[in-house]
1. Sort out for me the Cα centre separation of region 1-53 from region 113-139, rounded to whole Å.
2. Taking K and R as +1 and D and E as -1, what net charge do the other residues with C-beta under 9 Å from the C-beta of ASN87 add up to?
3. Hey, any idea what Rg/Rh is for region 56-199, computing Rh the Kirkwood way over Cα pairs?
4. Please report CYS110, CYS132 as a ranked list, fewest other C-beta atoms within 10 angstrom at the top and most at the bottom.
5. Calculate the tail of P(r) for region 148-199: the fraction of all Cα-Cα distances greater than 14 Å, expressed in %.
6. Could you work out the relative contact order of the chain, using alpha carbon pairs under 8 angstrom and six or more residues apart, expressed as a whole percent?
7. In whole Hz, with x marking every Gly and Pro, tabulate ³J(HN,Hα) for region 109-123 from phi via Karplus 6.51 cos²θ - 1.76 cosθ + 1.60, θ = phi - 60°.
8. By DSSP, what percent of the beta bridges with both residues in the chain are antiparallel, rounded to the nearest 5?
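The numbers here are math on the coordinates, done by the rules we state, and not lab data. What you see is a predicted model, and the numbers here were worked out from it, not measured in a lab. Every residue, glycine among them, receives a Cβ derived from its backbone with ideal geometry; neighbour counts consider all protein chains shown.
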Amino acid sequence: MGKAIDDISASGADWIHMDIMDGSFVPPITFGAKMTANLRGRTSLPFDVHLMTQTPEKHIENFADAGADYITFHLETAVHAHRIVQNIRQLGKKAGISITPSTPVSALECLLPFVDIVLIMTVNPGYGGQSCITECFTKIEKLTRRRQEHGFNFLISVDGGINETTAPNAVSAGADILVTGSTFFNAADKPAIIKKLRG
Ligand code: ZN
């Protein structure tokens, strides 16, 4: 994990995106707040924590204490999403909301004035190396329109199957943040792939 953080830091990437999987909302288990805290001193890049967990409200404080700068959770896991967004912000962190490929943007409508990030999953969460479901890009277009119409300030992040082919389409749909896993870690020249993805 330390090596991965060092590789990202040296590559010219802007943020470190951390997929926290709990073995329940998604089958795999990755790592938790303790590991996040242990990595915090290794880089000055922001930690963009993506909670792929049930009951995200139970984890917010631990990840805030661990040094997360952004904490994003899944709408599909939250009964009181607005309250969780408020809790994240009360802890001095930026709050994000994410939806899986099967959840429509309309389900987010009431949260859009309150969030700092909307993260659109373009694969079903749980496993790296999946192909991007490009139909999800229409969700990014919808969000871009909503943001313009209402003057909202959230950033649009896209996560899943982002590579040199899919990145330009995500950006032209309005994405501000490109999350990449396999494309980065499989690349021999990591600074070069970051440069390419920036376009
Ligand atoms: Zn993620």
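1. Value for the Cα centre distance between the two parts: 18 Å.
2. Taking every Cβ under 9 Å from that of ASN87, the sum is 0.
3. 0.97
4. Ranked by crowding around the Cβ, least crowded first: CYS110, CYS132.
5. Considering region 148-199, 52 percent of its Cα-Cα pairs are separated by more than 14 Å.
6. 16
7. 2, 6, 9, 4, x, 10, 9, 8, 9, 10, 9, 9, 7, 10, 9
8. Among the beta bridges of the chain, antiparallel pairing accounts for roughly 5 percent.
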